[in-house]
Every structure is written in structure tokens, then in C-alpha cells.
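See below for the structure under consideration.
The values are calculated or read from the model by the stated rules, or taken from the named source; none is laboratory data. Keep in mind that this is a model prediction, so the values were computed, not measured. No Cβ is skipped: glycine too gets one built from the backbone with ideal geometry, and neighbour counts run over all protein chains shown. Accessible surface areas use protein heavy atoms only, side chains included; no ligands, DNA or RNA. Shrake-Rupley method; radii C 1.70, N 1.55, O 1.52, S 1.80 Å.
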Amino acid sequence: MMETLTGVVERITYHNEETGYTVARVTPEGKDYLVTVVGPMMGVNVGETVRFRGLWTVHPQYGRQFKAEQVETIMPATLAGIEKYLGSGLIKGIGPVTAKRIVRKFGLDTLRVIDEEPDRLLEVLGVGPKRLALIKAAWEEQRHIKEVMVFLQGHGVSTGLAVKIFKQYGNEAIHVLQTDPYRLAREVRGIGFITADKIARNLGIPEDAPERIVAAIAYLLGEEADRAGHVYLPRDELIRRAKELLDVPEERILQALDTLVELGEIHIEPPGRPDAPGIAEEPAVYLTPFHRAELGVARRLVRLLTQERVSLLGSRLHVFREFEWESAFMAVQQETGVRLNADQRAAVRMALTSPVSVLTGGPGTGKTTTVQTIIRFLEAAGLRYLLASPTGRAAKRLSEATGRPAQTVHRLLEVTMAESLTFKRNESNPLDADMVIVDEASMLDVLLMNHLLKAIRPGTHLLLVGDADQLPSVGAGNVLRDLIRSQVIPVVHLKEIFRQPEGSYIIINAHRINRGQMPIIDNRNARDFFLFKVDDPEAAADLIVDIVRRRIPQKFGLKPEEIQVLSPMHRGPVGVGNLNLRLQEALNPGRPGGPERRVGGRVFRPGDRVMQIRNNYDKEVYNGDLGHIVRINTELQEILVDFDGRLVPYDFLELDELVHAYAISVHKSQGSEYPAVVIPVMTTHYIMLHRNLLYTAVTRAKQLVVLVGEPRAIAIAVRNDKPLNRHSGLAERLRQLLEETGVQ
């Protein structure tokens with residue numbers, strides 16, 4: 001027989017955002033002790049009174065607990081319960097102090113007053129018109145969120161996703177869900193086709209409904225762009241994946257493809273033929289924005305190249321056509337004491353005489369010195385240049401290395417977000433520069449590259465600087481590698497490694513890894529490259545926490561916040577998720593009464609290291625930016641985050657944009673450098689053990705690399721040079737378009 005337990009949720013010790021499974025500590029009604037309640041709890045918050053239906057059980061490790069099968073949130077009926085509920089941070093404008101005053105004033109009638117006569121709150125000390133407006137808006141918002149929660153509970157949707165749905169649609173959320181649930185997959189980040197389809201099927205939409213198949217195809221194309229960086233999918237592969245996902249006949253999928261083409265949502269590129277080579281051997285299916293971007297990048301690059309070849313005077317740097325290079329290089333050497341090698345000199349000449357060019361090379365090969373020389377020549381000629389990089393961290397490094405202002409590509413292009421994403425710098429309003437230099441160009445995806453090229457006026461030179469052997473961009477495409485592979489764009493590859501201090505192995509080992517050789521491991525004599533051998537993932541996690549908290553600070557004098565853990569994967573004992581939980585508990589544990597905010601399975605506290613996981617153009621904070629939490633204001637429902645000295649506020653409903661960053665993925669570390677990096681390398685990460693991933697991780701370190709794991713796993717990564725191929729047609733398009741111009 002099921003029993004009923006009613007009580008106030010005092011704290012949530014665990015919550016899984018995917019399944020909704022929660023472990024909560026609850027004070028039973030009329031009691032003065034805590035009990036543990038476990039089970040799926042959608043939409044339950046600390047401070048709420050909840051009626052649970054289930055059974056008492058005894059867990060072999062955790063003891064007696066109530067296993068809930070049904071959960072119903074009810075309004076608290078006691079003064080203490082009402083005060084706890086209001087003071088929990090659930091209602092913007094009401095914190096613990098204000099909650100106590102409101103309950104003291106209105107007693108058991110408090111919730112009715114807020115609901116029916118909210119203006120009476122002005123009778124409470126500390127509540128003025130501004131705060132009243134906040135409270136009224138928040139109370140109404142909570143009411144609608146609860147309606148969405150109740151609607152979604154039957155469909156297994158987590159609390160976090162329900163809040164996202166409400167943020168997207170507001171009071172129209174339930175109407176959208178009932179009329180076109182597949183809009184969720186298209187419009188709400190974090191909700192894919194699987195979740196939207198589950199809701200749709202429960203609402204009675206049939207398996208072979210055209211809107212279901214159309215939504216699935218769009219989802220697959222978008223998912224592959226986000227997950228694997230593919231700009232397109234081969235048609236046969238797309239059809240096979242759609243059949244597996246939908247379990248419908250192929251003819252229905254072909255009909256859906258035709259529908260999407262008619263709607264302009266996808267473009268299907270025909271296969272190549274012997275007389276007219278295409279981008280692929282079979283039809284390629286693009287989401288329309290990616291097709292436009294890829295075609296736009298190719299056309300704009302060819303336009304820059306061919307204009308220069310047709311008219312030498314088209315270049316804004318024509319002064320370098322007739323230039324005393326040797327005497328100029330000699331002058332730089334006399335002034336700086338730096339002598340450029342032959343490849344560096346060739347790169348300088350290339351950048352200043354070719355309208356578009358690529359400078360690539362590994363760490364320590366002199367890319368920065370080369371760029372500094374280019375800048376010297378531009379300044380000596382009185383020419384205007386702009387420096388940019390895809391991320392804020394990389395732009396800051398570029399500025400420090402050159403001693404000149406640098407900015408993100410987004411800021412360079414003056415991106416704004418009003419009703420839609422807008423780049424103020426474009427064909428109609430190009431960048432005012434004679435040359436644009438973009439560092440860390442391996443991070444440029446095809447969409448951003450297209451917008452950048454739109455803003456490059458004819459005659460302006462573009463130099464892309466980056467390491468083509470690093471991981472490709474987080475976004476779709478493989479722009480830097482495609483440009484090099486096309487053999488259309490002039491490229492200089494720097495290979496000479498400049499002298500390293502004795503006992504320093506970071507750069508040496510990075511190049512060894514890149515050449516397919518095992519890194520030199522010499523824990524006894526090395527100064528900056530170490531391996532701790534451990535083959536058990538749980539033991540590795542324990543060791544990583546100890547290395548960050550105690551060993552590195554004691555031996556090298558670095559603070560824990562100067563140490564970045566980089567993991568190849570998100571799941572598992574040494575994955576990003578678990579390591580963040582372990583490191584937060586070790587470095588920034590909770591304290592009784594301390595401010596914190598739980599979002600799903602994560603708890604944010606002041607002092608936490610956090611990372612932005614998507615571009616927020618209103619806040620000017622971008623995917624991969626790192627910061628730390630300065631303050632949590634439960635009354636205003638706001639968290640303040642410091643991003644390199646700039647304080648950015650986040651509403652509690654915006655916290656799905658932040659994750660903890662004590663540990664981050666190697667992909668998310670691109671463009672950044674840290675004094676020390678700690679890298680788990682385990683055979684349990686087998687699927688992610690690639691040479692360019694380990695190479696990228698090692699090259700993030702300035703002073704210290706610590707590998708934790710198995711030599712066998714390192715060997716697997718070093719040997720595995722099979723590139724993570726991305727479906728992209730940029731290189732082929734460049735060759736085709738240049739051939740069509742007839743300009744050689």
C-alpha cells in the first residue's frame with residue numbers, strides 16, 4: 001500500500017536534469033526532523049510544501065528513505081512554511097528578511113494577499129513601488145511556470161527544460177506545445193527532436209505525420225552541425241539516419257525532403273560528374289544558412305583573390321609591391337635583436353603582398369614574432385590595421401603579445417541582438433582598415449567566416465593566423481584546414497622550433513605528439529611536463545582533485561584558480577561533469593547559510609569558476625568565455641559574474657547559459673592559455689583519443705602540463721591521426737570558382 005508524506009523541502013542534495021531523479025531532504029508536517037525523499041520530482045523547489053505518495057524503504061548505504069512515485073506541490077499552510085517558501089529565492093524581490101516581515105504582517109493570509117491584493121504589500125517595511133512591481137511580476141511568472149510544469153510532468157520533461165520553454169514562449173507556452181510541439185526542437189536550445197517528439201506523440205500526432213518527418217530531418221542536420229561540425233550530410237546517410245529515428249518508409253522521407261526544399265529550409269547540392277566536378281560524389285543536403293555561408297565564403301575569397309590578380313593597383317597595400325625587403329628586415333633585426341628565419345620572412349612578404357593569406361605553425365615556431373614584424377611594416381607605412389580573434393581570451397592574448405589593441409571577431413563586426421542577430425559591419429558598412437589580421441583562425445566556423453568576409457572591403461588584405469593541427473572550430477565547418485587544402489590561398493607553414501630552456505618539454509612534446517611520437521616523460525628531471533600513472537578512473541579523479549588542490553600549489557606556487565583541468569569527455573568519473581562536482585566540493589564547498597542557487601544538478605556559489613556556453617550578444621559574453629561568480633542575490637534573483645574585470649548580471653532564469661569550469665572539455669579550451677593544465681588520459685576515453693585532441697590540450701599550457709592516466713591511452717591518442725572528418729565543400733568550391741574565373 002502506498003503511503004502519503006507531506007512536508008517542506010529544506011534542501012535538494014541531488015538532481016538529474018535528464019531523468020528528473022532527485023534526492024531531497026524534507027521536514028515532515030508537524031515534525032522537527034529531516035527525512036530523505038528520492039524519486040522523480042519535476043518542478044520542486046526548496047521551500048515548497050510537497051505531498052509525496054510512495055513507500056518507505058531502507059537503502060543499504062543511506063538508510064531509511066521515502067521512495068516517491070507521485071509528487072504534488074501544494075501551497076504551505078503554516079507560518080514557518082510560508083516564510084520558508086517566500087524566502088527561498090523563488091520570488092524575485094523577496095528574500096529571507098522581507099519574507100519574515102510579510103509573514104509577520106499578514107500571517108496565514110499571506111499567500112492570498114500576494115495573489116489577490118498584492119498592493120497591500122506596500123504596508124510592509126522595506127517594500128516600495130519598485131519592489132512591489134518586481135514581486136507582482138515574479139509571482140505571476142511563477143504561476144505560469146507552474147502551469148507549464150504541470151503540463152509537462154506527464155511527458156517526462158525536466159524542470160530545466162520546462163523553464164527554457166517558458167522563457168521562449170511566456171504565457172503562450174502551453175498553446176505552442178498543443179498546436180506545434182515540434183517548434184521546440186527548432187526554437188528552444190537544449191530541446192531536440194527526441195523531447196519534442198515525445199510530447200507530440202503523447203498529444204496524439206501520428207507516427208507518419210508530415211510535420212514529424214520534416215522536423216526530424218531538420219533536427220538531424222542541425223544536430224550533426226552542432227555535434228560533429230558537419231556543414232552538410234550526404235543524402236543517403238541522412239535518409240538512413242532518418243529511417244532509424246522515425247521508423248517510417250523511405251518514400252515519406254523523400255517527400256519530406258521535397259517539402260523542405262520548397263520551403264527554402266534546405267538546399268540539395270547535386271553530385272559531381274566527370275565533366276563538372278562537384279563538392280561530393282553524392283547529393284549533399286544542407287540547411288540553407290550553411291549552404292549560403294559556404295557559398296558566400298568561397299565567392300568572397302575568390303573575389304578578393306581575382307580582383308588583385310586582374311589589377312595590381314586594387315590592393316590597399318600596393319606600397320609593398322616595390323619594397324626593399326632585405327633592408328627592411330635588417331632594420332627590424334637591428335631595432336629588436338630578432339632575426340627572422342627564411343619562412344618567417346616569406347610569411348611577412350606573403351601577408352603584405354597577397355590579398356588573402358594563411359600563416360600556420362605549431363607552438364614556438366614564431367607566429368607571433370612574424371605578426372609583430374608585419375605590424376611594424378604597416379605602421380611604418382602609415383597603414384591602418386585591425387587585430388581580432390574568435391574568443392575574448394584569445395583576443396586578450398593577441399593584444400598582450402603584440403602590445404596593440406585586439407578584439408573579438410564579434411565585437412569587430414559590431415554584432416547586436418535586437419529582434420534578430422545583426423552584424424553592423426557588412427558589405428554596406430565595411431571595416432575601415434587596410435589589413436585585418438585574425439589570430440586563432442582554426443576556431444573560425446563557416447558562418448562567422450562568411451560574416452567576416454562580408455565586412456572586408458575590396459583591396460583590404462586578410463591574414464589568417466592559426467595552428468591547423470589543432471581541433472577544428474566548435475561551430476560547423478573546418479575553415480582553416482579547407483583553405484589550406486584548397487591550394488588556392490597562399491600559405492606559409494612555420495616549422496622551425498626556437499630554442500627551449502633546458503628541462504622544458506611542453507613545446508617539444510607538443511611537436512612530438514603532432515608528429516605521431518610519444519611525448520618524453522621524465523618526472524625526475526622535467527620542469528614542466530609530468531605523468532601520474534593510474535589505470536582506475538575513480539582513483540584518477542581522486543588524484544586530479546589532490547593535484548589541483550594541494551600538489552601543484554605546494555610544488556610550483558600556483559593557485560588552484562591558475563590550474564585548468566581539461567578532459568576529453570563529459571561523462572564518466574574523469575569526465576567534465578563529475579570532475580566539476582569533485583573540484584567544486586574541494587575548492588569551494590558550501591557553507592551553512594551561505595548564498596547559493598541550484599539549477600538542476602548544479603549548485604552555483606560565490607567564488608565558483610564558470611563558463612558561458614553560448615553566445616549572448618546582449619551581454620557581450622560569448623561561448624567559451626570564463627569568469628567567476630562574485631555575488632548571488634536571492635532577493636533580486638540575480639548572479640553577478642566577473643569576466644576579466646567586467647561584471648555581468650544573470651537572472652536566475654538565465655543560468656542555463658553557465659556551467660562550472662573547474663574542468664572543461666578540450667574543445668572548449670581552444671583559443672585559451674593557462675599557467676597549468678591537468679589532463680586525464682584514460683582508455684575509457686577511447687572514442688575521443690585523437691592526436692589533435694591531445695595536441696590541442698597540451699598546447700593550452702604556458703608553464704606546466706600534468707597528464708593523469710595510462711601510457712597506453714597516450715599511445716592510442718598519439719597513433720590515432722585519423723582526422724575527425726567534417727562534411728564540408730569549401731575547398732572544392734574554392735577550386736571550382738577560381739577555375740571558372742579563368743584567372744590564374
- Message: Leaving out ligands, DNA and RNA, and with a 1.4 Å probe, what % of the accessible surface on the stretch 1-98 is carbon or sulfur?
- Response: 52 percent
- Note on the structure: Note to self: with every protein chain in place and a 1.4 Å probe, the stretch 16-99 gives an accessible area per residue in Å² of 48 Å²
- Task: Determine the distance separating the Cα centre of the stretch 679-739 from the Cα centre of the stretch 223-250; give it in Å without decimals.
- Result: 24 Å
- Out of the stretch 471-576, which chymotrypsin sites (Phe, Trp or Tyr not before Pro) are coil in DSSP terms and have no more than 13 other C-beta atoms within 10 Å? PHE498
- Ignoring trypsin sites (Lys or Arg not before Pro) buried by more than 14 other Cβ within 10 Å or outside DSSP loops, the longest site-free run in the chain is 32-188
- chymotrypsin sites (Phe, Trp or Tyr not before Pro) within the stretch 17-81: which are DSSP loop residues with at most 11 other Cβ atoms inside 10 Å? TYR33, TYR62
- Message: Tell me the label only: which of (i) 43.0; (ii) 34.6; (iii) 37.3 is mean projected area of the Cα convex hull in nm² as calculated from this structure?
- Response: (iii)
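Tell me the mean residue ellipticity at 222 nm calculated for the chain from its helices only (DSSP H runs of n ≥ 4, each -39500 (n - 2.57), averaged over every residue, nearest 500).
Details: 26 runs with 287 residues, N = 744.
Taken over the chain, the calculation gives -11500 deg cm²/dmol.
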- Note on the structure: So the carbon and sulfur contribution to the accessible area of the stretch 544-620, 1.4 Å probe, in percent, is 47 percent
- Item | Size of charge dipole - the stretch 479-608 - debye, nearest 20, with Cβ of Lys, Arg +1 and Asp, Glu -1, no other charges | 180 debye
- Note on the structure: Relative to the chain, whose Cα atoms define the longest principal axis, helix 159-169 and its Cα axis are tilted in degrees, nearest 10, by 70 degrees
- Measure off, as a whole percent, the carbon and sulfur share of the 1.4 Å-probe accessible area of the stretch 144-261, all protein chains present. 45 percent
- For the stretch 365-431, what class follows from the C-alpha gyration tensor (a ≥ b ≥ c being the square roots of its eigenvalues): rounded when a/c is under 1.5, otherwise prolate if a/b is larger than b/c, else oblate? oblate
- Note on the structure: Lys and Arg at +1, Asp and Glu at -1: neighbours of HIS230 with Cβ under 11 Å from its Cβ sum to -2
- In Å², what does the accessible area per residue of the stretch 207-270 work out to with a 1.4 Å probe? 48 Å²
- Query: In whole Å, how far is the Cα centre of the stretch 182-196 from that of the stretch 2-81?
  - Reply: 30 Å
- Shape category assigned to the stretch 584-681 from the gyration tensor of Cα positions, a/c cut at 1.5: oblate
- Query: Put +1 on the Cβ of every Lys and Arg and -1 on every Asp and Glu Cβ in the chain; which of LEU734, PRO519, GLN637 then has its Cα farthest towards the positive end of the dipole?
  - Reply: PRO519
- Rounded to the nearest Å, what's the spacing between the alpha carbon centres of the stretch 465-482 and the stretch 511-560? Just the number, please. 27 Å
